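**Student:** Supplied in structure tokens, the structure appears directly below.
The values are calculated or read from the model by the stated rules, or taken from the named source; none is laboratory data. Quick caveat: nothing in here was measured; it's all calculated off a predicted structure. Positions of Cβ are backbone-derived with ideal geometry, glycine not excepted, and every protein chain shown enters the neighbour counts.
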Amino acid sequence: MSMNSQFNASLQSAQSLTQISPRSPRLGGDRYDIIIAGGGLAGLSLAIHLINSPLRNRSILIVDRAAKDRDDRTWSFWTDRPTLFDSIVYRAWDQLRLANDDLEQIIDLHRYRYKTIRSIDFYQYARQQLAARPNVTFTQGVVEQIEDDVDAVRVTVDGQPIWGQWTFDSTFTRAEVKPDAHYHHLKMHFRGWEIETPQPRFDPRSATFLDFRTPQQGSMRFFYVLPFSEQRALIEYTLFSTTALHHDEYESALTAYLKNKWGLADYHIAHEEGGVIPITDQPYPRRIGQHVMTIGTKAGRIKPTTGFAFRRIQGDSAAIVQSLLKHDQPFEVPPDSRRYRRYDALLLEIMERHGEEISSIFTTLFKRNPIERVLRFLDEAGSPLENLQLIATMPPKRFLQAMVQLAVR
């Protein structure tokens with residue numbers, strides 16, 4: 001089939017989707033084809049994918065409690081292909097640097113690039129693109145309830161009912177998660193400083209991906225450094241553990257790292273960011289109603305063993321759009337790979353029990369494998385043969401122990 005034929009078939013499928021006209025007297029209240037609960041990374045990404053598809057004319061409502069006018073985080077990802085957000089990439093690198101107390105590696109990414117997008121740039125870009133579409137509406141408010149009806153879904157926002165054909169829910173709260181003891185539950189928590197130095201101190205060609213040269217204290221701890229110029233960089237302290245730290249502990253670790261590993265005492269903190277992200281291999285439901293689907297963190301789109309989410313969310317958004325086009329419903333998305341879920345569970349088992357050993361495991365992973373094989377593994381895109389080749393380079397003792405412990409769990 002030609003590309004034009006494929007597009008026409010997709011367009012006909014899009015036009016066959018059930019239409020809900022505004023203010024239908026049968027149900028009352030405002031109504032939309034698509035309601036997106038939560039206007040963060042997942043919600044705005046889905047909306048951008050929708051307006052860049054044959055579904056571009058569907059009526060879309062995006063609801064968020066916040067104005068999204070703060071630069072509250074930074075998203076990084078590697079890729080070997082264009083994305084919808086290349087125009088707002090803040091910085092890209094073709095080398096990654098890894099270090100622990102015994103080894104330092106500079107790795108050429110070959111066809112890949114490691115890219116960073118600032119959240120404020122993403123929010124502004126997405127809102128500008130969406131605001132230019134007359135069929136897209138934003139509202140600021142609290143999503144209080146999402147309820148299925150016979151042929152639609154009712155979303156209550158600040159006490160007011162709004163109706164939609166489909167609702168995509170990214171309003172994640174930790175309180176609604178009921179941890180299952182059969183799975184692992186950790187926190188990825190971080191604190192970062194974007195600093196400026198009076199003299200050139202950074203190499204803008206290489207991003208420090210993992211620097212384990214900090215006391216591990218029984219949990220996986222590392223720094224990453226994103227050099228934006230020779231005198232400006234984001235330094236982030238990240239941990240995987242069951243509990244977060246006190247504010248002063250992050251500050252002390254950052255100060256010590258800059259002094260002891262970079263010889264820096266004179267610098268200006270231009271920007272700060274931080275947060276806590278739930279890390280688990282517990283599966284989250286995708287379909288939570290006849291017309292309701294989860295996205296983002298609420299859908300388990302964070303990679304459990306790395307905390308990366310940006311590209312996974314883009315892939316999920318594209319899959320949802322394709323499901324709507326081909327099946328007139330959003331739920332026909334690829335299931336999570338059982339094979340990779342098992343790998344995640346093994347590594348989380350080691351993180352939970354022997355977090356201080358993750359440094360040597362990751363160092364070995366990158367040292368003994370081609371970078372393309374490692375990145376495909378982390379992207380859950382490697383073949384079974386590639387996976388076996390990679391696993392064969394890992395120290396076997398802890399993984400065999402983890403397999404036994406998982407069987408008991």
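**Student:** Just to be sure, is LEU400 outside the structural domain of PRO54 (by TED's automatic domain parsing), under 30 Å from ILE117 (Cα atoms) and either outside any loop (DSSP other than H, G, I, E, B) or among the aliphatic types (A, V, I, L, M) (or both)?
**Tutor:** no
**Student:** Which of (1) in contact with a Leu (Cβ under 8 Å, 6 or more places away or on another chain); (2) modelled with pLDDT of 95 or more; (3) assigned by TED's automatic domain parsing to the domain that holds LEU44 does ASN135 not meet, given it meets every other one?
**Tutor:** Exception for ASN135: condition (1).
**Student:** Does the range 341-357 contain any residue that is farther than 30 Å from PHE222 by Cβ and outside any loop (DSSP other than H, G, I, E, B)? It would help to see each step written out before you state the result.
**Tutor:** Of the residues in the range 341-357, the ones farther than 30 Å from PHE222 by Cβ are none.
Scanning the range 341-357, I find no residue that is farther than 30 Å from PHE222 by Cβ and outside any loop (DSSP other than H, G, I, E, B), so the answer is no.
**Student:** Continuing with the same structure: Give the number of residues within the range 113-140 that are closer than 16 Å to ALA67 by Cβ and touching an Asp or Glu at 6+ places or on another chain (Cβ under 6 Å).
**Tutor:** Looking only at that region, the number is 2.
**Student:** A follow-up question, please. Could you please find all residues in the range 343-377 being over 25 Å from ALA318 (Cα atoms) and either assigned by TED's automatic domain parsing to the domain that holds THR305 or basic (Lys, Arg) (or both)?
**Tutor:** ARG353, LYS367, ARG368
**Student:** Only residues that are assigned to a strand (DSSP E or B) and either on the phi > 0 side of the Ramachandran plot or touching a Gly at 6+ places or on another chain (Cβ under 9 Å) (or both): list them for the range 160-185, please.
**Tutor:** Filtering the range 160-185 for residues assigned to a strand (DSSP E or B) gives 160-169, 185.
Hits for the range 160-185 are GLN160, PRO161, ILE162, TRP163, THR167, PHE168, ASP169.
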